[in-house]
Amino acid sequence: MSIAKTLSAHIFGLMMETIIVEVDISNGLHSFSIVGLGDRSVDEAKDRISAAIKNTGYISPKQKNQKVVISLAPADIRKEGPSFDLAMALAYLSASGDIEFEFEHTLFLGELSLEGRLRKVSGVLPILIQSPKHGFTTAFIPKENASEASLAQDIIIYAVSSLQEVIDHITRTKKLHPLERKNITCEQPLTFENDIALVRGNETAKRALEIAVAGCHNIILHGPPGTGKTMLAQSAVSIMPMLTHEQAIEVTGIHSIARTLDKPLITQPPFRAPHHTASLISIFGGGNSPHPGEITLAHRGILFLDELPEFEHRVIEGLRQPLEDGEVTISRSRASVTFPAQCMIIATMNPCKCGKGKDNGCTCSPKSIEMYKRKISNAIFDRIDMWIQVSKVDYDKLSFGISDTANADEMRKRIVLARKIQSDRFKRDGGEIKRYYNSEMSARDIEKSALIESGARKILALSSEKLKLSGRAFHRIIKVARTIADLEQSTHIEKKHILEALQYRQKTSL
């Protein structure tokens, strides 16, 4: 009979790939096959497409004595999910002569229900954002994806609710109106479930948390159970500035792919707290067709690892690359995918397995304590910017303490200003890689932007030699000191900034 084509797309990693849908119909005994390395959900599309076409008023492919072959090209790329349903149904109707339309530069995305309705699919926002680079000018998507799709620019979008609506528009029977763009602002929420203003005592820990959030530095909070480590970590979100519009689009796209998007635009930095039994793949991502893990879902936000030594050894050691590079590379036999993982890691740990510590009646043997500490290798410790001892809070402060709202508000203001100083500095320095925080500084950036006073340099050199710091630790101290200076709006790193940064490298109680 004839051949017809339409265009669709899918996400591999975080990148869009165009999928060419071809349908060939020929005479012969009835058969219906989909080729092109599709998964089970793609193969089951035969039944969804047939029922949707029948319930839209056309003759179902299963009611005809013909051979139908649907090809999804390129054939060597694995396809998964139901987002190709709409493109396959339209290509079949075109090949069978039921409709005629122009498919060039038009993208079709959507899962079909048996009655011909369009259902929501994942990954729509990153696909639409990247579509203009692939030559697309128009896209048809499910109506349920309209909120996130409205953030995409440079492409005409039609949000439709059924196969019939698409057919009416492309055959010029009934015209649809393009989706209107929405301007969603990134406003600071007024309340938080865990606000740092509610944290009593532990002023040193709160000061360290302010520095860590301002420069997006990785931090470990250690101390006996019940001292407030978890509450401090959870309250860090309350002092994090809202995402910029560019960052919000980036984070929203990631969560769209991962099917965790519950709002049109994610404006607040994400906070992810996986359980210590989480697997390697759930933390870092993976699978036959790699999907983002928890560390990528925490991109531009916080990854909270409560009781770090209790995590699987492979998970802890797997933190090496993201702690160093801010990204995770997943390698498979067919391809390699890199996910962004530029997040702030906050971890907590007890002094020993029982948690009491030597000053609180610890019952662990010296060997047990040593084994517990060895779960965190020196390579991981070296990549942590700050170690903070969290002590027990006096009962008087817990019982009669007043929430420190004024100081919390001042803390937020200082962090917002410090982050603006950092982003402005990176803009002046230029470069192809987008950087926002001091923790992202390269060795070249440190040389160019650190601006350390001569006296501070001498203290840093002497302390590094005495503490036998590695080159990595040396640079991390400078980054933390740079953040402390930014919080004070100081152009140069002074002695006091270096001394405070060195203080946070002490881990003798660990």
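Could you tell me which of the residues E210, E203 is open to solvent by 10 Å² or more (accessible area, probe 1.4 Å), charged (D, E, K, R) and either closer than 14 Å to I302 by Cα or modelled with pLDDT under 95 (or both)?
Of E210, E203, the one residue that is open to solvent by 10 Å² or more (accessible area, probe 1.4 Å), charged (D, E, K, R) and either closer than 14 Å to I302 by Cα or modelled with pLDDT under 95 (or both) is E203.
Check G215 against each of (1) within 23 Å of the chain's Cα centre (by Cα); (2) closer than 24 Å to F101 by Cβ and name the one condition it does not meet.
Failed condition: (2).
Report yes if some residue within the stretch 327-336 is of a type outside the set (D, E), modelled with pLDDT of 85 or more, closer than 19 Å to I281 by Cα and surrounded by 19 or more Cβ atoms within 10 Å (Cβ to Cβ); otherwise report no.
So far as the stretch 327-336 goes, yes, one or more of its residues are of a type outside the set (D, E), modelled with pLDDT of 85 or more, closer than 19 Å to I281 by Cα and surrounded by 19 or more Cβ atoms within 10 Å (Cβ to Cβ).
Go through the stretch 380-409 residue by residue and tally those that are in a helix (DSSP H, G or I), at pLDDT 90 or above and not hydrophobic (A, V, I, L, M, F, W, C).
1
Of the conditions (1) under 26 Å from G123 (Cβ atoms); (2) of a type outside the set (S, T, N, Q); (3) surrounded by fewer than 13 Cβ atoms within 10 Å (Cβ to Cβ); (4) touching a strand residue (DSSP E or B) at 6+ places or on another chain (Cβ under 8 Å), I19 satisfies every one except a single condition; which number is it?
The single condition I19 does not satisfy is (3).
Tell me, which residue of the stretch 41-64 that is among the charged types (D, E, K, R) and outside any loop (DSSP other than H, G, I, E, B) is modelled with the lowest pLDDT?
Initial filter on the stretch 41-64 (among the charged types (D, E, K, R)): 43-44, 46-48, 54, 62, 64.
Right, trim to outside any loop (DSSP other than H, G, I, E, B) and you get 43, 46-48, 54, 62.
Working: D43: 94, K46: 96, D47: 95, R48: 97, K54: 97, K62: 90.
Going through the qualifying residues, I end up with K62.
Have a look at I452, I498, I415 and point out the one that is in contact with a strand residue (DSSP E or B) (Cβ under 7 Å, 6 or more places away or on another chain), more than 22 Å from D325 (Cα to Cα), touching a residue at least 40 places away in the same chain (Cβ under 8 Å) and open to solvent by less than 40 Å² (accessible area, probe 1.4 Å).
I452
Regarding K64, is this residue charged (D, E, K, R) and in contact with a strand residue (DSSP E or B) (Cβ under 6 Å, 6 or more places away or on another chain)?
So K64 fails the test.
Could you go through the stretch 288-305 and let me know if any residue there is crowded, with 16+ Cβ neighbours inside 10 Å and over 22 Å from L14 (Cα atoms). Can you show your working first?
From the stretch 288-305, those crowded, with 16+ Cβ neighbours inside 10 Å are 289-305; that's our starting set.
The next check asks that each one be over 22 Å from L14 (Cα atoms); those that pass are 304-305.
Yes, because at least one residue in the stretch 288-305 is crowded, with 16+ Cβ neighbours inside 10 Å and over 22 Å from L14 (Cα atoms).
Between L319, L261, which is more than 22 Å from N145 (Cα to Cα) and aliphatic (A, V, I, L, M)? Working first, answer last.
On the way: L261 fails: more than 22 Å from N145 (Cα to Cα).
Selected residue: L319, the only one of L319, L261 that is more than 22 Å from N145 (Cα to Cα) and aliphatic (A, V, I, L, M).
Within the stretch 205-239, how many residues are under 17 Å from M349 (Cβ atoms) and among the β-branched types (V, I, T)?
4
Go through the stretch 65-155 and tell me which strands (runs of 3 or more DSSP E), entirely inside it, have 2 or more residues that are under 27 Å from G28 (Cα atoms).
Where strands (runs of 3 or more DSSP E) fall fully within the stretch 65-155 and carry at least 2 residues being under 27 Å from G28 (Cα atoms), they are 66-73.
Filter the stretch 465-503 down to the residues that are under 28 Å from the mean Cα position of the chain (by Cα) and not hydrophobic (A, V, I, L, M, F, W, C), then identify the one that is nearest to R374 (Cα to Cα). Even if it seems obvious, please write down each step before you answer.
So the first thing to find is which residues in the stretch 465-503 are under 28 Å from the mean Cα position of the chain (by Cα), and the list is 472-473, 475-484, 486-487.
Checking which are not hydrophobic (A, V, I, L, M, F, W, C) leaves us with 472, 475-476, 479, 482-483, 486.
Details: R472: 20, H475: 24, R476: 22, K479: 27, R482: 31, T483: 30, D486: 35 Å.
Step by step, filter the stretch 465-503, then rank; the result is R472.
Could you list, ordered by first residue, the pairs with Cβ atoms under 7 Å in which the first is in the stretch 36-62 and in contact (Cβ under 8 Å) with a residue 40 or more places away in the chain and polar (S, T, N, Q) and the second is in a helix (DSSP H, G or I) and open to solvent by 30 Å² or more (accessible area, probe 1.4 Å), at least 6 apart or interchain?
T56/Q164
Give the number of residues within the stretch 159-180 that are modelled with pLDDT under 90 and either touching a Leu at 6+ places or on another chain (Cβ under 8 Å) or surrounded by 19 or more Cβ atoms within 10 Å (Cβ to Cβ) (or both).
Here is the first cut: in the stretch 159-180, the residues modelled with pLDDT under 90 are 180.
Remaining after also requiring either touching a Leu at 6+ places or on another chain (Cβ under 8 Å) or surrounded by 19 or more Cβ atoms within 10 Å (Cβ to Cβ) (or both): none.
Adding up the residues that qualify gives 0.
If I ask for residues that are over 18 Å from I141 (Cβ atoms), open to solvent by less than 40 Å² (accessible area, probe 1.4 Å) and of a type in the set (A, V, I, L, M), which ones from the stretch 22-45 would you list?
Of everything in the stretch 22-45, those that are over 18 Å from I141 (Cβ atoms), open to solvent by less than 40 Å² (accessible area, probe 1.4 Å) and of a type in the set (A, V, I, L, M) turn out to be V23, I25, I34, V42.
Please find, within the stretch 217-236, the residue that is nearest to P309 (Cα to Cα) out of those that are surrounded by 21 or more Cβ atoms within 10 Å (Cβ to Cβ) and among the β-branched types (V, I, T).
That would be I220.
Within the group S442, S423, S464, S470, which residue is within 22 Å of L323 (Cβ to Cβ), open to solvent by 30 Å² or more (accessible area, probe 1.4 Å), out of contact with any strand residue (DSSP E or B) (no Cβ under 8 Å at 6 or more places or on another chain) and in contact (Cβ under 8 Å) with a residue 12 or more places away in the chain?
After applying the criteria, what remains is S470.
Matching residues to (1) under 23 Å from M441 (Cα atoms); (2) modelled with pLDDT under 95; (3) of a type in the set (A, V, I, L, M, F, W, C); (4) in contact with a Pro (Cβ under 9 Å, 6 or more places away or on another chain):
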{"position": "S289", "(1), (2), (3), (4)": "no, yes, no, no"}
{"position": "G357", "(1), (2), (3), (4)": "no, yes, no, yes"}
{"position": "K373", "(1), (2), (3), (4)": "no, yes, no, yes"}
{"position": "I376", "(1), (2), (3), (4)": "no, yes, yes, yes"}
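Any residue in the stretch 318-347 that is at positive phi sitting within a Cβ distance under 7 Å of a residue that is polar (S, T, N, Q)? List the pairs, counting only those 6 or more apart or interchain.
G326/Q342
E144: open to solvent by 10 Å² or more (accessible area, probe 1.4 Å) and farther than 18 Å from R48 by Cβ, yes or no?
no
Given the conditions (1) β-branched (V, I, T); (2) crowded, with 16+ Cβ neighbours inside 10 Å; (3) under 21 Å from S162 (Cβ atoms), which single one is not true for I59?
The one condition I59 does not meet is (2).
The values are calculated or read from the model by the stated rules, or taken from the named source; none is laboratory data. Remember, predicted model here, so these are calculated numbers, not experimental data. Using ideal geometry, Cβ is built from the backbone for each residue, glycine included, and neighbour counts are taken over all protein chains shown. Each accessible area value is taken on the protein alone, full model and side chains, heavy atoms only, with ligands, DNA and RNA left out. Shrake-Rupley method; radii C 1.70, N 1.55, O 1.52, S 1.80 Å.
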